[in-house]
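Just so you know, all these numbers are worked out from the coordinates, no wet-lab data involved. Note that this is a predicted model, so its numbers are computed, not measured. Heads up, the Cβs are rebuilt from the backbone with ideal geometry, glycines too, and the neighbour counts pull from every protein chain shown.
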There are 2 protein chains.
Amino acid sequence: MNQHDHSFLSPNTVDEASRIFKALADPTRIKILYLLSQEECSVNHITEVLDMTQSAVSHQLSFLRNLRLVKYRREGNTFYYTYDDEHVITILNQVLSHIQCE
Amino acid sequence: MNQHDHSFLSPNTVDEASRIFKALADPTRIKILYLLSQEECSVNHITEVLDMTQSAVSHQLSFLRNLRLVKYRREGNTFYYTYDDEHVITILNQVLSHIQCE
DNA sequence: GTTATATATGAACATATGCTCATATAGTTC
DNA sequence: GAACTATATGAGCATATGTTCATATATAAC
């Protein structure tokens, strides 16, 4: 059998999949996305719930923003974040419920 | 609103989810798992198809073996690998087909 | 038993990742 | 406009990650 007997993934597809899974691969980001899957949250709220520094949370939100997995709206000094990729939330919830069912 | 108004994930659940997503976060492992989702493969075959060194492939297989995502059978000098976690393959295929549909 | 083949494994290295610390930015309140 | 609040951001650092290189292991063929 040689290399041409397979159905292949394009490099772009592999990279994009890798990016999505990388986004979900960190415990902090899992917790943030799980929170946002339940309700809109301010940065401050996320910081308190996860018991992390403001900076650490903000860096992770920046990461998620760059991947367009979350978006925010501003209200005065407060930034309210929501998720912005239904599919990724679905994948996350599938994996979480699969784990919890064991 | 305080910390107790949320449905929380247990640390174990978060860690386990993180481990699954980390496994899928690397392009090489995505390609290997995708190959194995289609057919049983020898290490040598994977090495050729992915055009990587034997060592690199073997290290990644070792990684996937530790997470029980793949298993193998031996036939003489040849090790034939198959996937060993249907759910992870399902998640991978969902993400891949979602990307390819865009 | 020696040689060849297929795979595994340990050390080393370069890059990526996630956090902290310090500071910048921008809106709010007085 | 000065002080306060909420968030963002850049630099630095420690750890994790993925590869290469060299070598070990184990079966096969002779």
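Here the sum of -39500 (n - 2.57) over DSSP H runs of 4 or more residues, divided by the residues of chain A, equals -19000 deg cm²/dmol at 222 nm, to the nearest 500.
Each other residue within a Cβ distance under 15 Å of residue B:27 adds +1 if Lys or Arg and -1 if Asp or Glu, for a net charge of +1.
Diffusion coefficient (Stokes-Einstein, Kirkwood radius over C-alpha pairs, 20 °C, 1.002 mPa s) for the protein assembly as shown: 116 µm²/s, rounded to a whole number. Residue by residue along B:85-96, Cβ atoms of other protein chains within 10 Å of the local Cβ number 3 on average. Helix B:54-66 and the longest principal axis of the C-alpha atoms of chain B enclose an angle of approximately 40°. Under a model in which nothing but the beta-carbon of Lys, Arg (+1) and Asp, Glu (-1) is charged, the protein assembly as shown shows a dipole of about 380 debye around its Cα centre.
Residue by residue, segment A:93-100 carries 3J(HN,Hα) couplings of 5, 4, 5, 4, 6, 4, 5, 5 Hz when phi is fed to the Karplus relation 6.51 cos²θ - 1.76 cosθ + 1.60 (θ = phi - 60°); x denotes Gly or Pro. For segment B:16-100, with only Lys/Arg (+1) and Asp/Glu (-1) charged at the beta-carbon, what is the dipole magnitude about the Cα centre, in debye rounded to 20? Charge dipole, segment B:16-100, about its Cα centre: 260 debye, nearest 20. Inter-copy label distances for residue A:90: 1.4 nm (label point placed 7 Å from Cα along Cα→Cβ; shortest first).
Shielding by partners for peptide B:28-38, expressed as the average number of C-beta atoms from other protein chains within 10 Å of each residue's C-beta, is 3.
Put simply, chain A fits an ellipsoid with semi-axes of 31, 16, 12 Å; these come from the alpha carbon gyration tensor as the roots of five times its eigenvalues, largest first.
Quick one: if the Förster radius is 22 Å, what FRET efficiency do residue A:73 and residue A:52 give, using the C-beta to C-beta distance and rounding to 0.05? Rounded to the nearest 0.05, the efficiency is 0.50.
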